[in-house]
Amino acid sequence: MSTIQSIDGTTIGYTVTGKGPGLLIIHGTFRASEHYQKLAKALSDKFTVYVMDRRGRNHSGAKGADYSIQKECEDAIAIMKAHEITYLFGHSFGAVASLYISMQYPLAKLALYEAPLLSVMDVSWMPKFEELLKKEDMVSASVVFIKGMKMGGVMRVIPNFILRVLFNKMAHGEEWEQNCKLLKNVPQEFQVIAKEGGTFEAFKNINTETLILGGTKTTHYLKVALIELANTLKNSKTVMLEGLDHNGPDEGNPEVVAVELAKFFV
């Protein structure tokens with residue numbers, strides 16, 4: 001684990017593994033650097049892989065009162081400048097941040113996995129989710145989050161009362177505490193996407209060579225977003241990975257994702 005100071009003085013942590021050209025991985029919401037170590041390892045024989053912790057996680061500082069997508073960009077760019085990194089991969093929220101980064105930092109290539117742009121999302125569940133977070137009812141908040149996002153693999157089709165029983169059994173220990181911390185990042189990050197990353201129009205002038213990845217088993221609204229983004233980015237190609245869902249890069253099958261990234265970033 002290494003750290004660096006962003007422009008506003010916030011500490012940003014990141015891991016480093018492998019050797020070769022530098023590649024930065026930016027994780028999604030409800031995720032942190034530890035969830036991408038299998039992906040980093042699978043790429044480490046060809047690249048020096050940097051996996052950052054976005055604000056609010058591990059060794060990185062708090063989001064701060066003036067948190068914005070620009071802060072996310074500044075944090076990532078600080079790492080990229082320090083290590084002369086020109087390859088960037090963003091997953092989910094990290095993909096949205098990566099799009100903005102590409103408009104202000106000279107990337108050689110950009111890869112994205114399922115950017116969740118709010119123009120195609122249903123966020124009607126968010127007020128209930130925020131209410132539960134304020135009450136510190138993390139079990140119920142977890143259920144609402146998984147159902148609202150229509151993710152979580154098989155868990156998204158399990159009845160709510162059974163999910164609640166399962167989460168109650170899990171509600172202890174270090175891993176549960178980490179999950180609770182990650183859940184608390186969700187509202188601010190959704191607000192940022194709603195304010196600054198909710199449409200495709202902002203990205204129409206991006207000319208960086210871009211790989212757009214998605215999974216054939218991902219939820220419908222993410223497939224819609226992927227198609228619209230592919231139509232927006234003229235210098236892009238799309239690859240759909242058979243059998244993967246939204247969590248392909250972290251807990252699904254990071255080795256398969258690594259194969260596509262390695263072919264692209266050569």
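The values are calculated or read from the model by the stated rules, or taken from the named source; none is laboratory data. These figures come from a predicted structure and were not determined experimentally. Please note: Cβ atoms are built from the backbone with ideal geometry, for glycine as well, and neighbour counts cover all protein chains shown.
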Note to self: Need the failing condition index for residue 227 against (1) under 27 Å from residue 46 (Cα atoms); (2) without any contact (Cβ under 8 Å) to a residue 12 or more places away in the chain, just the number.
What the structure shows: (1)
Checklist line | Matching entry among 40, 82 (being at negative phi and surrounded by fewer than 21 Cβ atoms within 10 Å (Cβ to Cβ)) | finding: 82
Check: Picking from 238, 216, 208, which residue would you name as being of a type in the set (Ser, Thr, Tyr), crowded, with 19+ Cβ neighbours inside 10 Å, on the phi < 0 side of the Ramachandran plot and modelled with pLDDT of 95 or more?
Finding: 208
Item checked: Filter result for residue 45 (acidic (Asp, Glu), modelled with pLDDT of 95 or more and surrounded by 20 or more Cβ atoms within 10 Å (Cβ to Cβ)) -> no
Checklist line | Residue satisfying all of: in segment 241-258; in contact (Cβ under 8 Å) with a residue 60 or more places away in the chain and not charged (D, E, K, R); surrounded by the most Cβ atoms within 10 Å (Cβ to Cβ) among these | finding: 249
Check: Going through segment 109-134 one residue at a time, which ones are in contact with a Ser or Thr (Cβ under 6 Å, 6 or more places away or on another chain) and free of Cβ contacts under 8 Å to residues at least 40 places away in the same chain?
Finding: 132
Checklist line | Which numbered condition residue 132 misses (of (1) surrounded by 15 or more Cβ atoms within 10 Å (Cβ to Cβ); (2) assigned by TED's automatic domain parsing to the domain that holds residue 216; (3) not β-branched (Val, Ile, Thr); (4) not in a loop (DSSP other than H, G, I, E, B)) | finding: (2)
Item checked: Flag for residue 234 being part of a loop (DSSP other than H, G, I, E, B), more than 16 Å from the chain's Cα centre (by Cα) and over 21 Å from residue 123 (Cα atoms) -> yes
Checklist line | Qualifying residues in segment 98-125 (those that are at pLDDT 95 or above and crowded, with 24+ Cβ neighbours inside 10 Å) - the one farthest from residue 223 (Cα to Cα) | finding: 101
Notebook entry, point to check: What pairs can you find where one residue is in segment 170-188 and part of a helix (DSSP H, G or I), the other is surrounded by 14 or more Cβ atoms within 10 Å (Cβ to Cβ) and of a type in the set (Gly, Ala, Ser), and their Cβ atoms are less than 7 Å apart, with a gap of 6+ or different chains?
Noted result: 182/32; 183/141; 183/142
Check: Residue check, residue 228 against (1) farther than 20 Å from residue 29 by Cα; (2) loosely packed, with under 12 Cβ neighbours inside 10 Å, all met but one. Which one?
Finding: (2)
Next item on the list: Those residues that are touching a residue at least 40 places away in the same chain (Cβ under 8 Å) and either buried (at least 21 other Cβ atoms within 10 Å of the Cβ) or part of a loop (DSSP other than H, G, I, E, B) (or both), I need them from segment 1-12; list them, please.
Entry: 1, 6, 7, 8, 10, 12
